[in-house]
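Participant: One structure follows; several queries about it will come next.
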Amino acid sequence: MAASSARRLQTKPVITCFKTFLIVFSFIFWFAGTVLLAVGIWGKVSLEDYLAFVAEKSTNAPYVLIGTGAAIVIFGFFGCFATCRGSTWMLKLYAMILSLLFLAQLVAGISGFVFRHEIKTIFKDKFQEAVDMYNRTGSSVDDIQKNLRCCGVQNYTNWINTTYFKAHGFPESCCKDINVCEDLKNVTVAKDEVFHQGCIQLIINFMEKNVGIIAGIAFGIGFFQLIGIMLACCLSRYITNNQYEMV
């Protein structure tokens, strides 16, 4: 009996230490979820025009981040609650949830890396299609050409064979300075007044830069979850083995 009591006294600081670390982890995990949620909302607002060209294959990406961020926020609270209660089944469930989230983020990241070339091709094809079907009414093409200061897919000459060019000339969004764009139907004159660089490479560069930031945050959160899995499993094991009851 004395040996058992002494063992419990020795084990209590260990469990308290694990409990403290897991609460801190859960709080940081919750904060990381908030950041991921904010990044998802930012991605939806900032990248919407660019994602619009790949239809349903990529327009859901910001929603995935928003959903993942919201789930992490909820599970972060759950982790704190499970730790404070000292419930072994809750801690095991928390570890399982963290494992599933980690695997989901890992698979999503690997898939994005593997299919990155296919995604670039889709961007190019969709943007070419948007240029061919350009009608000047609330077009994302205009927003991209103005923001990135570009014209056409590969270069400004891509507009020459379009239906819109034959009727109206280059879009005003191609102009370096709208105040000096006078004869947009005359290629010889207009070529000095419009941007020469095409948009597709700039779009890809823009997406890679921003998606890289998002992927870095997601992977950072993912590997951070491994610490939480280890802490939750260790705390659950110590509580079970020593029949420790949290007060």
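The values are calculated or read from the model by the stated rules, or taken from the named source; none is laboratory data. These numbers come from a predicted model, not from an experiment. Reconstructed Cβ throughout: ideal geometry from the backbone, glycine too, with neighbour counts over all protein chains shown. Heavy atoms of the whole protein, side chains included, go into the accessibility calculation; ligands, DNA and RNA do not. Shrake-Rupley method; radii C 1.70, N 1.55, O 1.52, S 1.80 Å.
Participant: Find the accessible area per residue for segment 117-211; the probe is 1.4 Å, ligands and nucleic acids are left out, and the unit is Å².
Facilitator: Each residue of segment 117-211 exposes 56 Å² on average to a 1.4 Å probe.
Participant: Report the relative contact order of segment 69-199, percent, no decimals, based on alpha-carbon pairs under 8 angstrom and at least 6 residues apart.
Facilitator: Over segment 69-199, the number comes to 19 percent.
Participant: Given H placed 1.01 Å from N in the peptide plane, which residues other than close sequence neighbours of Gln197 have an amide H under 5 Å from its amide H?
Facilitator: Cys151
Participant: I would also like to ask the following. Quote the FRET efficiency, to the nearest 0.05, computed for Met133 versus Asp177 with a Förster distance R0 of 30 Å and r equal to the Cβ-Cβ distance.
Facilitator: That gives a FRET efficiency of 0.65.
Participant: By how many nm would the segment from Asp143 to Leu103 lengthen if fully extended, with 0.36 nm per residue of separation less the alpha-carbon distance?
Facilitator: Full extension from Asp143 to Leu103 adds 10.7 nm.
Participant: Segment 119-188: Rg/Rh from Cα coordinates, Kirkwood Rh?
Facilitator: 0.94
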